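A short reminder: the numbers here are calculations on the coordinates, not readings from a lab. These numbers were taken from a predicted model, which means no experiment stands behind them. Using ideal geometry, Cβ is built from the backbone for each residue, glycine included, and neighbour counts are taken over all protein chains shown.
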Amino acid sequence: MLMGVIGAIGSIGSAIASSSAQASAMRKQEDANAQWAAYQKRARDEANVREEQLRQQAEAARQNTLGELTPDKQKAAQDTEQQRLQKDITPVNLQGQQPVVGDELLAGLKGAAPEVQQDLTARINSASQDARKRIANLATIQSYGDSQFGLQNRAQDLFNQSGQTIRLAGDERQGNLAALGVAEQVEPAKITTTPSPFGGIASSLASLAGKGLTSGGVQSPFG
């Protein structure tokens, strides 16, 4: 009789221990799943924020380039380059708008008739004005082309700068997506049931009780 009671108690204890272990494992698994879901959400949110930042960087580079290529800014850049070129290629004696012929040049013509002096002065000054015009036209033409700061080079430089920024942002976006893909492959932790020591003891008691009943072992003094 006593062994039967012990066996019953052992079986109940084993069942309770097993149920408690399973409940604990379920709680831990639920907690692990919640942590995994929070991690996945955080990874997606951070990736989305980074993606938007990179997209904005690329768009800002594109807009800045377009902003520098407006007609007004192009004209201002061309005028500045034209003036620079004109100054660089104009001989010193032709710079400015003053007549080329001065007193020093006319000093050797003092013995000539006034008509000759006036004619020579007019010819030289006319030639100098023509030279200035040709130099100005040449500077204008070069300012539209591939001179140092000409519009052709300016536009190419602007496109190169924005292109580098856009390409870099694109590469970083690819890396961002790759990192997100790795994060999405992470699985939640798997919680397994850990046997309770009490459950093992209870099972042993139940087993011993069962053996006592079936093998004629110790008898209860009460029965």
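Descriptive notes on the structure:
- Projecting label points 7 angstrom from Cα along Cα→Cβ for L69 and Q22 puts them 7.0 nm apart.
- A full extension of the chain between Q57 and A122 corresponds to an added length of 17.3 nm, given 0.36 nm per residue minus the alpha carbon distance.
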